[in-house]
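Quick notes on the structure that follows.
The values are calculated or read from the model by the stated rules, or taken from the named source; none is laboratory data. Please read these numbers as outputs of a predicted model, since none were measured by experiment. Glycine gets a Cβ as well: all are built from the backbone with ideal geometry, and neighbour counts include every protein chain shown. Each accessible area value is taken on the protein alone, full model and side chains, heavy atoms only, with ligands, DNA and RNA left out. Shrake-Rupley method; radii C 1.70, N 1.55, O 1.52, S 1.80 Å.
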Amino acid sequence: MIAIRNAAVKPTTWRPLLSSIRSISFVFQSEDASSVGLHGGETKRLNLFQSLTNAMDIAMASDPNAVIFGEDVAFGGVFRCTLGLADKYGKDRVFNTPLCEQGIAGFGIGLAAAGATAIAEIQFADYIFPAFDQIVNEAAKYRYRSGNIYDCGKLTIRAPCGAVGHGALYHSQSPEAYFSHTPGLKVVIPRSPIQAKGLLLSCIRDPNPAIFLEPKVLYRSAVEEVPVDDYEIPLSKAEVVMEGSDITLVAWGTQFHIIKEVADMAREKFGASCEVIDLRTILPWDYQTVVKSVKKTGRLVVSHEAPITSGFGAEIASTIQERCFLSLEAPIQRVCGLDTPFPHIFEPFYVPDKWRCLDAVKKALDY
């Protein structure tokens, strides 16, 4: 038997339940171009992977030194994010690599150090770990160890991450916390097509190596009218998407859409006014925006898909406890993945869904 919300449930009971909630449940609410400060320009209806293609197309067209490489990117990649770019820019600028993540990262470091704008793709974030040494010990430290004589700041590593409904333990992980412990890197996770385009262009043009994690469940499910023009969204700047006065909710990527729905549910069920923040950049993160919000609301719920122990929510909670102690009206709540390998059929119980997040909001409000 398994335990669901502290109740023992027999297999005959939970198997039908699993079949009814197998897919990830969240509501994607599209935004308009004004969310990134653009008004009145031409837009095009794109899903998230198409917005990434558009961003890389702009980067390649505006920078003759930009190159794209990774496993299968020449024909568009497994998620079609680079579709058509090899035909447009040629095999010298968009090309496949061997199935060797350590080699992809090392090659990208060398390209960037030599002056190229290197845009690398790791096919799944779960397989970025063979490249961990190259990213953490080489890319992140290249400028520091040479006294700023050399750097590989023109390196951007893209990787699809997160739950997708059927990815199981090797195609569902969210590894952002591993890299958040590494000075010298920037770590970014978008929530939507509009955000993805602007943030990716910022990463590509930033003078520091960046890891750009893409929530794969949003590739096709998230669709918006994306500005056609070239634009960037500042890194290390969280966004207060919904203002409120009673409690602060913080998340990023797919989980943002869950807490935004929870904010609406809390208003309807409890009459609570929730302030909703999309962190966007994990490293270096914008603690000032979160601190300002919590000093106003007095309560905080942080949610992410990665396991709870040492997840980035722990860093947020620690910082807020230190800087907002006298303003807190309740203990900080973390609603996260479990401390287990990412499960297959039990994914609905692993991911921090809206009901778990709503419970945390109520607990904080009732304290």
Please work out which one of (1) within 23 Å of the chain's Cα centre (by Cα); (2) of a type in the set (Ser, Thr, Tyr); (3) crowded, with 16+ Cβ neighbours inside 10 Å is the condition residue 89 fails and give its number. (1)
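Consider residue 121 carefully, then state whether it is under 23 Å from residue 49 (Cβ atoms), at pLDDT 95 or above and among the acidic types (Asp, Glu). Give the steps one after another, and end with the answer.
On the way: under 23 Å from residue 49 (Cβ atoms): yes; at pLDDT 95 or above: yes; among the acidic types (Asp, Glu): yes.
Against the criterion (under 23 Å from residue 49 (Cβ atoms), at pLDDT 95 or above and among the acidic types (Asp, Glu)), residue 121 qualifies.
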Identify the single condition in (1) of a type outside the set (Gly, Ala, Ser); (2) at pLDDT 95 or above; (3) surrounded by 13 or more Cβ atoms within 10 Å (Cβ to Cβ); (4) within 19 Å of residue 202 (Cα to Cα) that residue 64 does not satisfy, given that it satisfies every other one. (3)
Restricting segment 276-296 to residues that are open to solvent by less than 10 Å² (accessible area, probe 1.4 Å) and over 15 Å from the mean Cα position of the chain (by Cα), the residue that is nearest to residue 366 (Cα to Cα): 294
Could you grab me the full set of residues in segment 143-183 that are in contact (Cβ under 8 Å) with a residue 40 or more places away in the chain and aromatic (Phe, Trp, Tyr)? 144, 170, 178, 179
Can you tell me which residue among 218, 199 is in contact with a Pro (Cβ under 9 Å, 6 or more places away or on another chain), over 15 Å from residue 28 (Cα atoms), of a type outside the set (Val, Ile, Thr) and touching a residue at least 12 places away in the same chain (Cβ under 8 Å)? 199
Only one of 87, 133, 92 is charged (D, E, K, R) and under 24 Å from residue 171 (Cβ atoms), namely 133
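Residue by residue, here is whether (1) in contact with a Ser or Thr (Cβ under 8 Å, 6 or more places away or on another chain); (2) closer than 24 Å to residue 234 by Cβ holds:
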residue	(1), (2)
35	no, yes
48	yes, yes
51	no, yes
55	no, yes
59	yes, yes
75	no, no
87	no, no
90	no, no
97	no, no
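Taking segment 132-167 only, how many residues are among the acidic types (Asp, Glu) and surrounded by fewer than 17 Cβ atoms within 10 Å (Cβ to Cβ)?
Step one: list which residues in segment 132-167 are among the acidic types (Asp, Glu), which gives 133, 138, 151.
Next, from what is left, pick out any that are surrounded by fewer than 17 Cβ atoms within 10 Å (Cβ to Cβ): 133.
Final tally of qualifying residues: 1.
For segment 261-365, please list each of the helices (runs of 4 or more DSSP H) lying entirely inside it that holds at least 1 residues being in contact with a helix residue (DSSP H, G or I) (Cβ under 8 Å, 6 or more places away or on another chain) and at pLDDT 95 or above. Talk me through it step by step, then tell me what you get.
Values: elements: 287-297, 312-324, 347-350.
Output list reads 287-297, 312-324.
Name the one entry in 310, 273, 327 that is more than 20 Å from residue 256 (Cα to Cα) and either under 17 Å from the mean Cα position of the chain (by Cα) or hydroxyl-bearing (Ser, Thr, Tyr) (or both).
On the way: 310 fails: more than 20 Å from residue 256 (Cα to Cα); 273 fails: more than 20 Å from residue 256 (Cα to Cα).
Only one candidate passes the filter, namely 327.
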Tell me, yes or no, whether segment 239-249 has at least one residue that is open to solvent by 10 Å² or more (accessible area, probe 1.4 Å), over 20 Å from residue 300 (Cβ atoms) and not in a strand (DSSP E or B). no
Out of all the residues in segment 120-131, is one or more open to solvent by 10 Å² or more (accessible area, probe 1.4 Å), touching a helix residue (DSSP H, G or I) at 6+ places or on another chain (Cβ under 6 Å), within 22 Å of residue 197 (Cβ to Cβ) and not acidic (Asp, Glu)? no
From 204, 194, 259, 211, grab the single residue that is open to solvent by less than 30 Å² (accessible area, probe 1.4 Å) and closer than 22 Å to residue 332 by Cβ. 259
Tell me the residue from 308, 332 that is hydrophobic (A, V, I, L, M, F, W, C), in contact with a Cys (Cβ under 8 Å, 6 or more places away or on another chain) and open to solvent by 30 Å² or more (accessible area, probe 1.4 Å), please. 308
Selection within segment 121-140 - farther than 14 Å from residue 151 by Cα and either in a strand (DSSP E or B) or without any contact (Cβ under 8 Å) to a residue 12 or more places away in the chain (or both): 121
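From 76, 41, 37, grab the single residue that is at pLDDT below 95 and either under 15 Å from residue 120 (Cα atoms) or in contact with a strand residue (DSSP E or B) (Cβ under 6 Å, 6 or more places away or on another chain) (or both).
On the way: 76 fails: at pLDDT below 95; 37 fails: either under 15 Å from residue 120 (Cα atoms) or in contact with a strand residue (DSSP E or B) (Cβ under 6 Å, 6 or more places away or on another chain) (or both).
From the options 76, 41, 37, the qualifying one is 41.
Restricting to segment 168-191, count the residues that are within 21 Å of residue 50 (Cβ to Cβ) and surrounded by fewer than 24 Cβ atoms within 10 Å (Cβ to Cβ).
Number satisfying all stated conditions: 0.
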